1. Here is a list: A:Q41, A:Q37. Which entry is under 28 Å from B:Y88 (Cβ atoms) and in contact (Cβ under 8 Å) with a residue 60 or more places away in the chain?
2. On the basis of being farther than 27 Å from B:T103 by Cβ, surrounded by fewer than 16 Cβ atoms within 10 Å (Cβ to Cβ) and at pLDDT 95 or above, does A:V74 make the cut?
3. Looking at region B:76-100 only, could you name the residues that are facing another protein chain (nearest Cβ under 7 Å) and modelled with pLDDT of 95 or more?
4. Among (1) modelled with pLDDT of 95 or more; (2) buried (at least 17 other Cβ atoms within 10 Å of the Cβ); (3) more than 10 Å from chain A (Cβ to nearest Cβ), where does B:I50 come up short?
5. Between residues in region B:68-79 that are β-branched (V, I, T) and residues that are outside any strand (DSSP E or B) and crowded, with 16+ Cβ neighbours inside 10 Å, which pairs lie under 7 Å by C-beta distance while being six or more apart or on different chains?
6. Please give the strands (runs of 3 or more DSSP E) falling wholly within region A:27-113 in which 3 or more residues are among the hydrophobic types (A, V, I, L, M, F, W, C) and at the interface with another protein chain (Cβ under 10 Å from one of its Cβ atoms).
Amino acid sequence: GAGVSQSPSNKVTEKGKDVELRCDPISGHTALYWYRQRLGQGLEFLIYFQGNSAPDKSGLPSDRFSAERTGESVSTLTIQRTQQEDSAVYLCASSLSVRLAYGYTFGSGTRLTVV
Amino acid sequence: GENVEQHPSTLSVQEGDSAVIKCTYSDSASNYFPWYKQELGKGPQLIIDIRSNVGEKKDQRIAVTLNKTAKHFSLHITETQPEDSAVYFCAAGRNTDKLIFGTGTRLQVFP
């Protein structure tokens, strides 16, 4: 596609429910990154994929968070038993390669609100 | 762990004036330093980047400087325009690792 697509753009969920956030990277981009952005704050790294493998998942806040990527394309970030502190914008970025010089292209994010 | 500090958190300037945003990083192995601009409701967009073998890079009204010894890098915007108003993020990373982002600077340019 022309850009990184994330869905849904907005999600309101009740505390304790599970949510799935989807990221469609730019076609041919092998690297995919997930970041979290709390209101008024910076981008907090969660996990990245090289192909379908996740070499670095050190940023996942707890075992309630998981992510997968299939077909070197779509990635899904799953948050189980959501808590109010999970409320944030979840940003996905893709890159031609994990070599940083290629730069990231970000999607517009999914705004998650846990009530 | 790696850390990137960014200052100021907010910056207000008059149209036509210059704006400077500064960042420091902790990982001395970092060798790639991009700057992103984020407009309301959108994802961050890359505006300029610099690699560790270069001290300064310029693209029209935007310039970035890097001091590897001090582990500082800065974004300079000259002749600011209202459309420059946004949140700006610096970031640092090395080789094939992920980017670590600063906390952002909200720039407001008043006409």
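1. After ruling out the rest, the residue left standing is A:Q37.
2. Considered against the rule, which asks whether it is farther than 27 Å from B:T103 by Cβ, surrounded by fewer than 16 Cβ atoms within 10 Å (Cβ to Cβ) and at pLDDT 95 or above, A:V74 comes out as yes.
3. B:F89
4. Every listed condition holds for B:I50 apart from (1).
5. Listed by first residue and then by second, the contacts come to B:I77/B:D84.
6. Ranges flagged: A:43-50, A:88-95.
The values are calculated or read from the model by the stated rules, or taken from the named source; none is laboratory data. All figures in this text were calculated on a predicted structure; none of them were measured in a lab. Please note: Cβ atoms are built from the backbone with ideal geometry, for glycine as well, and neighbour counts cover all protein chains shown.
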